[in-house]
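Shown next, in structure tokens, is the structure this report addresses.
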Amino acid sequence: MLIIKDISNLQSYLNAYQNRKYSIGYVPTMGALHKGHGELIKQSKKDNHKTIVSIFINEKQFSSKEDFENYPRNKGFDYDFCIDNEVDILFEPSSEEIFNNDEKIIKNKNFKDMLCDKFRKGHFDGVITVLDKFFSIIKSNKVYFGEKDYQQLKIIEKFIEEKYKSLDLISIQTKRHEEGIAYSSRNEKLSKKQTQDFISFHIQTKNFISSLEKSLDIENANLKANEFMTSQDVEKFEYFEFRNNTDLSFIGSISEARLFYAIYKGKVRLIDNLKV
Ligand code: AMP
């Protein structure tokens, strides 16, 4: 595996790949890799001749310096993880080189003022601003994102439709632990007790979803979701609501919906979404 830290070096390898007509799959990450990332890499390896993973903790998508500084970092492990998963290139550029004093922020116009966008103002502007940089550097054939961050996936889908029409976006189902919670870099920050509480919250949420009548519409399901949340011992949550799978609206029947949540365990913010 090649570990490349600067753009010009990366581009000379990419040129060589393109001359050989290799297809390139790209998996953007913020590191602290886990089996969820592994699923994206596996699919890219199936689909392409070469797979590039980037590790870049993008300061622009964090609303506080504290959250940015506390984001899990696990470099040595990440290198081993990429080697074990037979990644071809690990691209790990510096923030200085990626942004190169360019202060321009791309404003996201889609799926606004709802879910994570409502609580993390500017977060998705930061996400698409950095992806714009990486997409234009890497020019891969395909790019891989997880359903774990479903609103992000929908926003990127629109961004790619608008600006990178020839790039194929491949979405990957959420990889879960046996107990049901999703693999997430942030889980590392949970204590044993918090992990246990989170697992039991997740199990109760799943049971709650299964208890709903299939004929319910999304609005009525949300009344029940509010009731359910008042019965839960969760110190802090931002949202817990059903939305339409396709347009993230409140319109439609529950069978077309997903339940989205963002809750806190201590200082750790945990998001997930479950297909009904
Ligand atoms: P991150 O490093 O958290 O920015 O995530 C990088 C990519 O991995 C994003 O496309 C995520 O949606 C995806 N991802 C994170 N966790 C999971 C998971 N448990 N299953 C599948 N994909 C995931």
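Nothing in this text is a laboratory measurement; each read-out follows from the coordinates by a stated rule. Because the structure is a prediction, the values reported are computed rather than measured. Backbone-built Cβ (ideal geometry, glycine too); neighbour counts: all protein chains shown.
Annotations
- Relative contact order (%) - criterion: Cα under 8 Å, at least six apart; region: segment 185-275: 28
- Backbone amide hydrogens, once placed in the peptide plane, bring Tyr239 within less than 5 Å of Ala262, excluding anything fewer than 5 places away on its chain.
- Ranking of Arg73, Arg269, Arg243 by count of other Cβ atoms within 10 Å, fewest first: Arg73, Arg269, Arg243
- Assigned charges on the beta-carbon of Lys, Arg, Asp, Glu; the chain dipole about Cα centre (debye): 320
- When the pairs Lys148/Lys206; Lys109/Lys165; Lys193/Lys265 are compared against a 19 Å limit on Cα-Cα distance, every pair falls at or below it.
- Relative contact order for segment 142-224, counting Cα pairs under 8 Å that sit 6 or more residues apart, in percent: 24
- Ordering Val130, Val276 from the fewest to the most neighbouring beta carbons within 10 Å gives Val276, Val130.
- For the chain, the antiparallel share of DSSP beta bridges with both residues in that region comes to about 50%.
- Modelled spin labels at Lys139 and Ser255, positioned 7 Å past Cα toward Cβ, are 4.7 nm from each other.
- Couplings 3J(HN,Hα) for segment 15-30, derived from phi with the Karplus relation 6.51 cos²θ - 1.76 cosθ + 1.60 (θ = phi - 60°), are 4, 4, 4, 5, 4, 8, 6, 6, 8, 10, x, 10, 10, x, 9, 10 Hz, where x marks Gly and Pro.
- Dipole of the chain, positive direction: furthest Cα of Gln151, Phe91, Ser255, with charges on the beta-carbon: Phe91
- HN-Hα J in Hz across segment 121-137 - Karplus 6.51, -1.76, 1.60, θ = phi - 60°, x for Gly and Pro: 4, x, 4, 6, 4, x, 5, 6, 4, 6, 5, 4, 5, 5, 4, 6, 7
- Rounded to 10°, Cα long-axis angle of helix 150-163 versus longest principal axis of the chain: 40
- Part-to-part distance (alpha-carbon centres) for segment 67-88 and segment 200-245, which is given in Å: 34
- Cβ-based charge dipole, the chain, positive-most Cα from Thr246, Tyr26, Pro72: Tyr26
- The chain - percent relative contact order, Cα under 8 Å, separation 6 or more: 17
- Sorted ascending by nearby beta carbons within 10 Å, beginning with the fewest, Lys236, Lys142 become Lys236, Lys142.
- Formal net charge of residues neighbouring Phe159 (Cβ-Cβ distance under 12 Å; K, R +1; D, E -1): +1
- Model label zone, Ile170; criterion: amide N under 14 Å from point 7 Å along Cα-to-beta-carbon; scope segment 113-151: 140-147
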